[in-house]
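One structure is given here, and the rest of the page talks about it.
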Amino acid sequence: EADRPFYDNIDYSVKTVNIVNYGAKGDGTTDDGRAVTAAVNALLKSGPGSKLVFESGKTYYVGSGLGTFAMALFNLQKCKGLTVDGKGSTFILGTNKPYSYLSGTKECVIENCTFRYARNPAFSATCNSVNAEEGWAEMTADRDIGLATAETYAPPEGTTYFGVLNRSDSRYHLYIKKYEMINAGKRTFKIYFDMERDYTADWVKNYLSTYGMICPTPKIGHLTVETAFSAVGNTNLTLSNININSCYKFGMFIGNNEGTLKLDNVNFVPADGEINFTGWRDAFHVKDNRCKILWSGCIAKGNYDDAINISSSALKVTEYSAETKEISLVWNERTNGIYYEIKPGDTLNVIDTSTGVDCGNVKVESVIKQSDGVNRVVLKSSLKNISSLDNLIAYFTNRCAPDSVIDNCDFSGTFRFRGPLTVENTKIFNMRTWIDIEGKIEGPVPQNISFKNCDIQAGSGSTIIINSYNNTNGYGVKNITFENCIFEDSTLSIGKNDKVRIISCKRHDGSSIANR
């Protein structure tokens, strides 16, 4: 009974669900999984206005006891007005499940929680010796990595499996073929590299001995939980005072949400005394949202893909009729080709990536079909300059978290900013920033992005790429502004047809950057 989620037959009489009534110990060693699942189910049954509260400052270990139906520690779906208040507690998962899955909720809140996995998906290792010619190194791990002496481990075929140099100023990916444990007691092992992949050979040869590595933990790093937090299809969601110490892969996937998403003091930070690691992929992966997102006082450190990616997905135009204004679209990222629910009033921008022509920014009049691999809609007005369907790409510009705000945050990593956005009073350690389109994967062509009162520090090889990759007089990146910022203008890489304004900015040496 404790495993079964309750989404109907709601009893509105109970408004506070207290974890102490469900047998949770909160001592950090007892498996409290079933108790937490039962309490969450009671919260769902209690209805709008209800709150699940934990004991202040406790540590709840969740091993194998989440139950069959609990797809995440906090699994909230199709519910309204519910709050989970951790009261400053820590939740340690020994099971391969996400911290939270939020789908179809309205006006819900998760607050005052710290999350991590019992086994960190990464470990650090110092370098004993390097054989660059044969593509291996002997390393010593800082902990037990789960391999016995003489045991080998190779990731499943097709897995993108990498470690990074143990330095915080850039994302030095080293692609891995295999581990071979030399002596489990001494934690020494060989690591074999894919020396043909990207810059692996150079970095193994020239940097590995000096810096050592942060490596994926065998059998779990990169491989298990895809996303620690998922927020999909919600309306007016709040996450407040959340610390995420470790993720198997992605940190937070935010997609197809409506209204306003408030992220207040949501932090990707390593646990005290741990290595500089929080996840192998994006911290905030933000795709195809109508909602405005408000980041306030957030931190993202130690993630080895984007700190933030804000974009909408590219859709392939397969049919278009100028007479009926009907257009058919396919989302190639999904095997079924179907995009999230399209609504009248959604705004579609269509570009021709071969000619550089902007074919129009038009609203949807009506939706004809979203099934059988086809998204077919009628547009309110006609597209222009259509010469061929071969290279037409469409983006929903109102599905790029428009008018979002990043305020008083501290982020380190790489960034992809594609939607209308204000970044203010924020510290950014920039490894690389893309204010561009990514062809057939994501966009749209960025416009109306403003940086105000920001300190943008440059990591090794840092660039800020502002580029539509279009040399014609068609579409281009527009209205990108840096105002009262401290940054290195030498890191800017601006395309021929793309527009940037700089107002009252300085470099870190105190010299002024000319207005433009």
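Any read-out appearing in this document is the output of simple, stated calculations on the displayed coordinates, not a laboratory observation. Keep in mind the model is a prediction, meaning the values are calculated, not measured. Neighbour counts run over all protein chains shown; Cβ positions are idealised from the backbone, glycine included.
See the values below:
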item	result
For the stretch 399-505, the Rg and Dmax computed from alpha carbons only, in angstrom	12.9, 38
DSSP beta bridge pairing in the chain, given as percent antiparallel to the nearest 5	35
q = 0.10, 0.18 Å⁻¹, the stretch 126-275: log10 I(q)/I(0) [Debye, one scatterer per Cα]	-0.44, -1.08
Amide N of the stretch 171-185 lying under 16 Å from the label point, which is placed 7 angstrom from the Cα of THR149 along Cα→Cβ	180-185
Extent along principal axes [Cα atoms of the stretch 134-206; Å; largest to smallest]	32, 28, 21
Quotient of Cα Rg and 2.2 N^0.38 Å for the stretch 261-364, N being how many residues it contains	1.46
Intensity falloff of the chain expressed as log10 I(q)/I(0), Debye formula with alpha-carbon point scatterers, at q = 0.10, 0.11, 0.13 Å⁻¹	-0.89, -1.05, -1.33
Inter-centroid distance (Cα atoms) of the stretch 336-374 relative to the stretch 72-136, Å	35
Tail weight of P(r) past 25 Å, computed on alpha-carbon pairs of the stretch 344-465, percent	36
Charge dipole magnitude, Cβ of K and R +1, D and E -1 - the chain, Cα centre, debye nearest 20	680
Computed log₁₀ I(q)/I(0) - Debye formula, equal Cα scatterers, no solvent, the stretch 327-394, q 0.13, 0.15 Å⁻¹	-0.36, -0.47
Hydrodynamic radius (Kirkwood) for the stretch 357-410, which is based on Cα pairs only, to one decimal in Å	14.0
